[in-house]
Every structure is written in C-alpha cells, then in structure tokens.
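Peer 1: Let me give you the structure first, and then I'll get to my questions.
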Amino acid sequence: MSGSLKTEAIVLRSIRYGEADRILHLYTPYRGRLSAIAKGVRRARSRFGGRLEPFFRCNLVLYEGRSDLLTVTSVETLAGHPHLRDDARALDVASRACDAVGRIFGDGEPHEGVYHLLANELALLDAGASRVRRQPNSETNSPPANSSATRANALAFRLKLLLAAGFAPQLSGCASCGSRDHLAGFSGAAGGVVCNACEAGAFPLSQEAHDFLVEALGRPLADAPGAPPRALAQAERAILETLEHHAGVHLRSAGQ
C-alpha cells in the first residue's frame, strides 16, 4: 500500500547510485532492515545535507510505493555521532557493528531491542572518541586509547546480538549431554561449551574465555569485561562458529 512511513532509523550503509543519489540500508525499531533511496543527496544544495551518512540516527519520513525501495522525503538528525570520524578504531568498530546487525537481522525482521542496542553502541563509541580528543596523554602528547572501541566491547556487542537472535551459546553446562563438570571445549555445531566426553569436533576453550562469554552476556554493554588476547580470540571463534552453524551468517572479524 502506498503512503508515508514515519520512523526512527540508523543508517547502516550508504551506496552511491547514479549521478546524485544514494541507496541507504537502514535499521528501524519496528520494521527491521529497510532499503531506501535518497534522491539528489549528493548535490551541493541537497535539502538532506550531510544527515544521511552511515551511523547517523534519524527521524525519517519515507514514501512507500509499490517498490521494495522506499524514498526518503524528510530527515531530522537525532544523533550524528560527529566524533567517530576522528577516531579510526572507533569508526572501524562502528562499521563492523552495523555490518553485523545488517547480516544477522534481515529484511522483515524487526527487533526493537537490537535497534536500541546498536544506538547504544554507537553512542558509546562516539562518547569515547570525544573523550580521547579532549584528553591527550600528557607524557607522550598522543591520545589515550578509546576504552569503548576495544575488541572486548565489539565481542560483547556481538554476543548480545546472538542473544537477541535466539542463538546465545549454552555456557552453564555441556551443550551435548548437560554435564556441568569438566567443560573443556566449545562446539559451534552443538551450540555451546562441551565436556571432555563430548569434545569431538570442538576447540579448546580456556576458563578465561568462558568467564568472558558469561560476563559479557550478563553485563551492560558499557561495562564489558576485559580478557587476555588469547581468551578474546577463543571467544570470537565461539561467536563466529555459532553464527555460521545456526544462522548461516559469516561475519568479519571484530578486529584487534
């Protein structure tokens, strides 16, 4: 049915189209992932200005016709996250977060909690980039690390996406037999940790990696736990294998 759709949205991706247009991949709280065209947005005098860039959170009015591709008719910026582009690491984490949402939650899969999770992640990354810019390291004259743009934060975000999608790994007992003892590995096919007796096809999972997975699922995103690099690498493998086996989704690495 033709008509106007008013919605909040986060711009996941923007692709040049024709001489002056852009195709936008959006994520919305009540319609899930949508695709829309912003006509003339690349012209110098476009009425949309620079308000439809990736990572922007906006109020949009979209014209919904017969095509699956909606048309942007009005935009109001809610959060432009201006500091992300000054912090290469934060920008990369934001890009991978948006990519993960777009791949795990396809068209017609609305999830209000995922929308707010992504909005929270982008806000945390932007705030961290802002703090870095304001507080140079007094000893080296170089900026400190952005505490929000860490591999641990990126993995905690992905774990929460798994939970929202219904693919959270089994961590309290063996995913194959239910035993709570001698949990020594992780099996993506089984969907969680496995004991010594069921570890065929599994990879070793250290106690530190197991603890990280448990704590990252239970804590707020702003309070993501840390872990040694080896434990984070194992946790990431657990996340990627779970998605590949149970959702058929292949994600890029969360980075270093």
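Peer 1: Region 11-139: percent of C-alpha pairs farther apart than 27 Å?
Peer 2: 21 percent
Peer 1: Could you give the length gained by full extension between SER35 and ILE15, i.e. 0.36 nm per residue of separation minus their alpha carbon distance, to one decimal place? Kindly include the intermediate steps, with their values, before the conclusion.
Peer 2: Details: separation 20, 0.36 × 20 = 7.20 nm, distance 1.08 nm.
Answer, rounded to one decimal: 6.1 nm.
Peer 1: Oh, and also: If you take the C-alpha gyration tensor of region 205-251, multiply each eigenvalue by 5 and take the square root, what semi-axes do you get, largest first, in whole Å?
Peer 2: Values: eigenvalues 76, 35, 14 Å².
Those come to 19, 13, 8 Å.
Peer 1: Treat each spin label as a single point 7 Å out from the Cα along the C-beta direction, and report the HIS182 to THR7 distance in nm.
Peer 2: Distance between label points: 5.1 nm.
Peer 1: A further question follows. How large is log10 I(q)/I(0) at q = 0.16, 0.26 Å⁻¹ when the Debye formula is applied to the Cα atoms of region 166-256, each weighted equally and without solvent?
Peer 2: Listed by q, the Debye log ratios stand at -0.60, -1.43.
Peer 1: If you plug each phi of region 69-83 into the Karplus form 6.51 cos²θ - 1.76 cosθ + 1.60 with θ = phi - 60°, what whole-Hz ³J(HN,Hα) values come out, in order, with x for Gly and Pro?
Peer 2: 8, 7, 10, 6, 10, 7, 9, 10, 6, 9, 8, x, 6, x, 8
Peer 1: From the backbone phi of region 9-26, what are the Karplus-calculated ³J(HN,Hα) couplings (6.51 cos²θ - 1.76 cosθ + 1.60, θ = phi - 60°) in whole Hz, Gly and Pro given as x?
Peer 2: Residue by residue, region 9-26 yields 7, 10, 7, 7, 7, 10, 10, 4, 9, x, 7, 9, 9, 9, 9, 10, 9, 10 Hz.
Peer 1: Starting from one equal scatterer on each C-alpha and no solvent at all, send me the Debye-based log10 I(q)/I(0) for the chain at q = 0.08, 0.12 Å⁻¹, two decimals.
Peer 2: So the normalised log intensities are -0.37, -0.76.
Peer 1: Ok, one more. Nearest 10 degrees, 0 to 90: what angle lies between the long axis of helix 229-246 and the longest principal axis of the chain (Cα atoms)?
Peer 2: The angle comes out near 70 degrees.
Rule-based calculations on the coordinates, nothing more; no lab input. This one's a predicted model, so the numbers in the text were calculated from it and none came from an experiment. A quick note on method: Cβ atoms are made from the backbone with ideal geometry, for glycine too, and the neighbour counts reach across all protein chains shown.
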